[in-house]
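Working notes, structure below.
The values are calculated or read from the model by the stated rules, or taken from the named source; none is laboratory data. No experiment lies behind these values; they were computed from the predicted model shown. Note that each Cβ is placed from the backbone with ideal geometry, even for glycine, and that neighbours are counted across all protein chains shown.
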Amino acid sequence: MKNFKKKMLQIFMSAIFIGGLATSGVTINAQDSGTFQGEGAGAHGPIKVEITVTDGQLEKIEVLEQEENELLAAPAFESLPDKMIADNSTDVDVVSGSTETSEGLIEAVNDALKAAGISLVAKSNSEDAEDDNGEVTEETYDVVIIGAGGAGLSAGIEAADAGKSVVLLEKMPVIGGNTLISGGEMNAPNNWVQENLGISKKDSVELYYEDTMKGGNNVADPEIVQILAENALASAEWLRDEVGVEFYDDQLFYFGGHTVERALIPKGHTGQELIIKLKEKADSLDVVTLVNTKAEHILQDDSGTVNGVQAVDKDGNELIFHANDGVIITSGGFGSNVEMRKEANPEYDEAYLSTVTVGSTGDGLVMAEEVGATLTNMESIQTYPVSNPETGRISLLADTRFDGAILVNQEGERFVEELERRDVISKAILEQTGEYAYQLWNDELDQISNSKELHEGEYNELLESGFLAVGDSLEEVANHFDIDPEALEETVEKVNEYAEKGEDKDFNHRGGLHSLENGKYYLMKCKPSVHHTMGGVVINKSTEILDEEGNPIENLYGAGEVTGVIHGENRLGGNAISDAITFGRIAGQEIAK
Ligand code: ADP
């Protein structure tokens, strides 16, 4: 950082120097021309840019360094530099869904301009006034799908594979939804990695069914959960064999609430691998994907049969998509819609941040209700226990918890089994001093999880914001957060003893505790954040959306987080992807029949 600033100063000084030479005859204001570097804070680390300005006109913006999520940040990197150059201004709108990246990029350009002492004079931008010509564009497809996350893409691929013309409408500038920003792990009983690890026999469809039912307090629809349990492995094999998703062959995730380790992990430990491969497959089958296209209403004919979608593009133009075979709603949950959350369950008000994308506003639920769908289980809202206390973002760095990291409170004491269900851990955290907790792990655990390397951006971001302390001794990390070092040392001594004996006498850790005898240590502050909304539309086993009498609304299907009958009161980790892919596929197959 210091070196970078020094370099910037050198560039700035040389610009002034060259300017000094030039001013001896010709009137060139050298401060209004040149190449300058600047830096801003992105979502996952610094964004460094180099800008070229000629006679006060911004000519080029080059991103030199950044650590953003490849897919999420792409719309910002693709559109904002052109927009700033066209307007000759940094006063441009952020790209929805890439807000932090947009802000970081704008900040970096401003930083470069400031260093150069340049104030841009904005061009009149009457030429890009909104292109709202009031005309309605109409298109016809066999199948119209609302929402391009894991469920929507899977549905689109299956319908297209069955010979249907398909359009996927995505309201955000980027596809992927929460599937993209998730860890991407997916439960499948008796999977090939369990076989590789010699634990396949410990698992079964029945056990997975029982874990899922029990994990949701037995209120899910047993018939639908049975379909999930029976098809999750086929969904994973489909992703691997037909879609080309790469999963690690020798590692599984042990999420809370499961009796055995059964979650497959995609390459890179994030949903990016899934979304990139699903999109490639969808493209190969000519599925049309339209971003910045927000579905607003489901259309029906006189008999109530669903036959299209009314949507709007980013310029406010109305679009009508006629659907010969019907509509599939895969628009995800409502975790980002505080009003809807409060209406569903007043407990989850503004006090909670959320891990989900800004696109999760429950639009599909509103649209489905308009055409007579019934909603169920809406009060069941899940928080993810280990999230960033400031941004609400899920901590993937803290996946070391699944390999043995412990949770402690401000008093330096453990207070819950670290592999308990998310709702149980979240509630336990909220009962601690300050309503937050800390996760502690050491280098050995970090290497087992490969956490720092896989989530380097998050690691740097947490260090910088002070929510992560790294040190050679427990005392050092405890002091960072004002925790009594002796209390923390005492807790760790007990953990080490339990790890050695293979028995956690305090909380009966189901994965077995891991010795934390050796540093270096990582201590991270965390807080629960809204993560998944279990409620939604009621579907039958063909994924048809049902009305209040329990009858299917003709030609209307639903899959993924928008549905409300699969996870009961609490969704187990690794079940969102299994749900989205399994029922997305079924919806695509059924609508094509
Ligand atoms: P799932 O896991 O069920 O697939 P995701 O959250 O991954 O859910 O994906 C849902 C997608 O639906 C998101 O990309 C979201 O932006 C999109 N979406 C939500 N509402 C609308 C809407 N009104 N029109 C188009 N897309 C929408």
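Scanning the stretch 555-584 for residues that are more than 11 Å from the ligand (Cβ to nearest atom), at positive phi and either outside the structural domain of residue 226 (by TED's automatic domain parsing) or surrounded by 24 or more Cβ atoms within 10 Å (Cβ to Cβ) (or both) turns up just one, 574. Considering the stretch 134-157 alone, what residues qualify as being over 22 Å from the mean Cα position of the chain (by Cα), under 14 Å from residue 330 (Cα atoms) and away from the ligand (no atom under 11 Å from the Cβ)? 143 - this is the single residue of the stretch 134-157 that is over 22 Å from the mean Cα position of the chain (by Cα), under 14 Å from residue 330 (Cα atoms) and away from the ligand (no atom under 11 Å from the Cβ). Taking every residue in the stretch 540-560 that is acidic (Asp, Glu) and pairing it with any residue that is assigned to a loop (DSSP other than H, G, I, E, B), at least 6 positions away or on another chain, the pairs with Cβ-Cβ distances below 8 Å are 547/372; 547/374; 548/372; 548/374; 554/303; 554/304; 554/305. Based on this model, can you work out whether residue 174 counts as modelled with pLDDT under 95 and either closer than 17 Å to residue 589 by Cα or touching a helix residue (DSSP H, G or I) at 6+ places or on another chain (Cβ under 9 Å) (or both)? So residue 174 fits the description; yes.
Mind counting the residues in the stretch 162-215 that are assigned to a loop (DSSP other than H, G, I, E, B), more than 16 Å from the ligand (Cβ to nearest atom) and of a type in the set (Gly, Ala, Ser)? Write out each step before concluding.
Of the residues in the stretch 162-215, the ones assigned to a loop (DSSP other than H, G, I, E, B) are 162-165, 170-176, 182-185, 188-191, 197-199, 203-204.
Retained after the next criterion (residues that are more than 16 Å from the ligand (Cβ to nearest atom)): 162-165, 188-191, 197-199, 203-204.
This time we only want the ones that are of a type in the set (Gly, Ala, Ser), so: 162-163, 165, 188, 198, 204.
Qualifying residue count, the stretch 162-215: 6.
Could you please let me know if residue 321 is modelled with pLDDT of 95 or more, aromatic (Phe, Trp, Tyr) and more than 10 Å from the ligand (Cβ to nearest atom)? Criteria met by residue 321. The single condition among (1) closer than 27 Å to residue 419 by Cβ; (2) modelled with pLDDT of 95 or more; (3) of a type outside the set (Ser, Thr, Tyr) that residue 234 does not satisfy is (1). Quickly run through the stretch 550-563 and pick out the residues that are out of contact with any helix residue (DSSP H, G or I) (no Cβ under 6 Å at 6 or more places or on another chain) and within 18 Å of residue 229 (Cβ to Cβ). Residue satisfying the conditions is 563 alone. Within the stretch 355-366, the set of residues being more than 7 Å from the ligand (Cβ to nearest atom) and either at positive phi or modelled with pLDDT of 95 or more (or both) comprises 362, 365, 366.
Can you tell me which residues in the stretch 58-78 are free of Cβ contacts under 8 Å to residues at least 60 places away in the same chain and of a type outside the set (A, V, I, L, M)? Explain how you work it out, then say what you get.
The initial filter retains those residues of the stretch 58-78 that are free of Cβ contacts under 8 Å to residues at least 60 places away in the same chain, namely 59-66, 73, 76-78.
Of everything in the stretch 58-78, those that are free of Cβ contacts under 8 Å to residues at least 60 places away in the same chain and of a type outside the set (A, V, I, L, M) turn out to be 59, 60, 62, 65, 66, 77, 78.
The listed residues are 275, 181, 265, 227, and the only one of them that is surrounded by 17 or more Cβ atoms within 10 Å (Cβ to Cβ), among the β-branched types (Val, Ile, Thr) and more than 25 Å from the chain's Cα centre (by Cα) turns out to be 227.
The residue of the stretch 86-102 that is farthest from the chain's Cα centre (by Cα), among those that are at pLDDT 90 or above and buried (at least 19 other Cβ atoms within 10 Å of the Cβ), is 90. Considering (1) assigned to a loop (DSSP other than H, G, I, E, B); (2) within 11 Å of the ligand (Cβ to nearest atom), the lone condition that residue 392 does not fulfil carries the number (2). Residues in the stretch 395-422 that are aliphatic (A, V, I, L, M) and not in a helix (DSSP H, G or I): 396, 405, 406, 407, 408, 416, 419.
Filter the stretch 343-354 for residues that are more than 16 Å from the ligand (Cβ to nearest atom) and either within 22 Å of the chain's Cα centre (by Cα) or of a type in the set (Phe, Trp, Tyr) (or both); which is farthest from residue 539 (Cα to Cα)?
In the first step, residues of the stretch 343-354 are kept if they are more than 16 Å from the ligand (Cβ to nearest atom); the result is 343-353.
Subsequent filtering for residues that are either within 22 Å of the chain's Cα centre (by Cα) or of a type in the set (Phe, Trp, Tyr) (or both) retains 348-353.
Values: 348: 25, 349: 28, 350: 30, 351: 32, 352: 29, 353: 29 Å.
Across the stretch 343-354, the extreme among qualifying residues is 351.
Here residue 195 clears all of (1) modelled with pLDDT of 95 or more; (2) in contact with a strand residue (DSSP E or B) (Cβ under 8 Å, 6 or more places away or on another chain) except the condition numbered (2). For residue 81, the conditions (1) modelled with pLDDT under 90; (2) assigned to a helix (DSSP H, G or I); (3) more than 16 Å from the ligand (Cβ to nearest atom) are fulfilled apart from (1).
Of all the residues that make up the stretch 225-267, how many are part of a helix (DSSP H, G or I) and over 22 Å from residue 157 (Cα atoms)? Reasoning before the result, please.
Within the stretch 225-267, the subset part of a helix (DSSP H, G or I) is 225-243, 267.
Subset that is over 22 Å from residue 157 (Cα atoms): 225-226.
Number of matching residues: 2.
Test of understanding: among 444, 431, which residue is touching a residue at least 60 places away in the same chain (Cβ under 8 Å), out of contact with any helix residue (DSSP H, G or I) (no Cβ under 6 Å at 6 or more places or on another chain) and surrounded by fewer than 23 Cβ atoms within 10 Å (Cβ to Cβ)? Let's see the steps before the verdict.
Values: 431 fails: touching a residue at least 60 places away in the same chain (Cβ under 8 Å).
Going through 444, 431 in turn, the sole match is 444.
Among the residues of the stretch 436-458, are any modelled with pLDDT under 95 and touching a Ser or Thr at 6+ places or on another chain (Cβ under 6 Å)? Yes; the residues of the stretch 436-458 include at least one that is modelled with pLDDT under 95 and touching a Ser or Thr at 6+ places or on another chain (Cβ under 6 Å).
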